[in-house]
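Below you will find the structure I want to go over with you.
Throughout, read-outs are computed from the coordinates displayed, never taken from laboratory work. The structure presented is a predicted model; accordingly, all values stated were derived computationally and were not measured. So basically every Cβ, Gly included, is an ideal-geometry build from the backbone, and we count neighbours across all protein chains shown.
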Amino acid sequence: MPILNNRMRSIVAWTAYPVVIILALSLYQLLLNNTPYSSKIIAYIPVVFGAAIITFLESYFPYRDEWTPEISDVGNDLTFMVFIQIVLPKLLSFLFASTLLSYLQTKDIFLKGFWPHQFTPFIQAILMLFIADLFRYWLHRAAHEWDPLWRLHAVHHSPHKLYWVNVGRFHPLDKALQFLLDAFPFIIVGVSEGVLSIYFVFYAINGFFQHCNINLRLGFLNYLISGPELHRWHHSILIRESNRNYGNNLIVWDLIFGTWFLPKEKSVDGLGLKNRQYPLDFASQIRTPFIKGLDKQQG
Ligand SMILES: [Zn+2]
């Protein structure tokens, strides 16, 4: 039984990420081809599917037992997920993005020539991933190296554990800045709703995996994808470890700009901010960026 258990763990570790990503994108395409609903509605179904599988895997194949969240942790994370990730920038911004896109298309005032609309939607989504991740790389790096931005971004680094639901923990101003770089430029050049939806499916599920507490091994994908093995180091309490692996979806820009970090014989120790008393509840974290030095105070 333990042998079977170990074999099962190994199979899950090596296959869960690619299998869930492929299934989710296939489900999106299947629904798009066989239902009358628009891509921006359909896109939420594979994302919920991915979240359900990842929740199951976190229960049975955890990376660290001590990272299993308390009910109060999940309550705050779900509040962030609903208000910051879904209601504020995610759902509304993507709906807004699509509405703005339709408006620009009717007026024919967007910069069509700057984007290869002739490519298939999947190829366009891959191109979008590379470009959006370049913009996000520099925003993220600036957020770690420039104090006013860091104080906003510290909210995301405040948890002492990693599990998929805390991917939604961002200050609304941090999230708004991200939206300006990873969605807005693509609306301006007229990227279609279908391409934005494919991007959204990958972006959401990869984000869940990136923060998940599942024992996963990505192997050679650690040179392409910003997955959990790399991102755990980004949440380290030690600045020399956390100022690494800035990639949002991809890790290629970290490889190019020299911030890729994955020690072989080590695993990450403490996570979070220096101030172990930094408030973790939703209401407090709307205010914490406006208290200078709070993240570094000795609690
Ligand atoms: Zn960060």
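Give me the number: length gained by fully extending PHE184 to ILE11, i.e. 0.36 nm times residue separation minus the C-alpha to C-alpha distance, one decimal in nm.
Here the answer is 58.4 nm.
May I ask you to compute the full-extension gain from LYS266 to ASP281, defined as 0.36 nm times their residue separation minus their alpha-carbon distance, rounded to one decimal in nm? Spell out each step's value before the answer.
Details: separation 15, 0.36 × 15 = 5.40 nm, distance 3.12 nm.
Contour length minus the Cα-Cα distance gives 2.3 nm.
Could you work out how much longer the chain between PHE290 and SER38 gets when fully extended? Use 0.36 nm per residue separation minus the Cα distance between them, nm to one decimal.
My answer for the length gained is 86.7 nm.
Calculate the translational D of the chain in whole µm² s⁻¹ from Stokes-Einstein, where the hydrodynamic radius comes from the Kirkwood formula applied to all Cα pairs, the temperature is 25 °C and the viscosity 0.890 mPa s.
123
Rounded to the nearest 500, what is the 222 nm mean residue ellipticity of the chain from helices alone, with -39500 (n - 2.57) per DSSP H run of 4+ residues and division by all residues?
Roughly -18000 deg cm²/dmol at 222 nm, from the helical runs in the chain.
I want to verify a result. In a Gaussian network model of the chain, Cα cutoff 10 Å, which of these has the top mean-square fluctuation: PHE282, PHE56, PHE80?
Top of the fluctuation ranking is PHE56.
Exposed loop sites here are GluC sites (Glu not before Pro) in DSSP loop states with at most 14 other C-beta atoms within 10 Å. What is the longest stretch of the chain lacking them?
Free of exposed loop sites, the longest segment is 71-264.
Search the structure for amide H atoms under 5 Å from the amide H of ILE225, placed 1.01 Å from N in the peptide plane, and list their residues when 5 or more places away or on another chain.
Here ILE251 satisfy the definition.
Taking θ as phi - 60°, what are the ³J(HN,Hα) couplings along the range 115-120 by the Karplus curve (6.51, -1.76, 1.60), each to the nearest whole Hz, with x for Gly and Pro?
Result, rounded to whole Hz: 10, x, 5, 6, 6, 5.
In the structure displayed, which of LYS175/LYS296; LYS161/LYS296; LYS175/LYS266; LYS266/LYS292; LYS175/LYS264; LYS264/LYS296 lie more than 26 Å apart, Cα to Cα? Could the numbers behind the result be given before it?
Values: LYS175/LYS296 22 Å; LYS161/LYS296 18 Å; LYS175/LYS266 32 Å; LYS266/LYS292 33 Å; LYS175/LYS264 32 Å; LYS264/LYS296 29 Å.
Among LYS175/LYS296; LYS161/LYS296; LYS175/LYS266; LYS266/LYS292; LYS175/LYS264; LYS264/LYS296, the Cα-Cα distance tops 26 Å for LYS175/LYS266; LYS266/LYS292; LYS175/LYS264; LYS264/LYS296.
Before anything else, pin down the relative contact order of the chain: Cα pairs under 8 Å, at least 6 apart, normalised by residue count, whole percent.
Answer for the chain is 25 percent.
With the dipole of the range 2-296 worked out from charges on the C-beta (+1 for Lys and Arg, -1 for Asp and Glu) around the Cα centre, which of TRP138, LEU152, ALA51 lies farthest toward the positive end?
TRP138
Taking the Cα centre of the range 2-296 as origin and charging only Cβ (+1 Lys, Arg; -1 Asp, Glu), how large is the dipole, in debye to the nearest 20?
Roughly 240 debye, rounded to the nearest 20.
If you place +1 on the Cβ of every Lys and Arg and -1 on the Cβ of every Asp and Glu, how big does the dipole about the Cα centre of the range 190-299 come out, in debye to the nearest 20? Spell out each step's value before the answer.
Working: 11 positive and 8 negative charges, 83 e Å.
Using only the charged Cβ atoms, the result is roughly 400 debye.
Let me ask something else. Report the one residue of TYR223, ASN33, VAL195 whose Cα lies farthest in the direction of the positive end of the charge dipole of the range 2-296 (charges on C-beta: Lys and Arg +1, Asp and Glu -1; origin at the Cα centre).
Projecting each Cα onto the dipole axis, the largest value belongs to TYR223.
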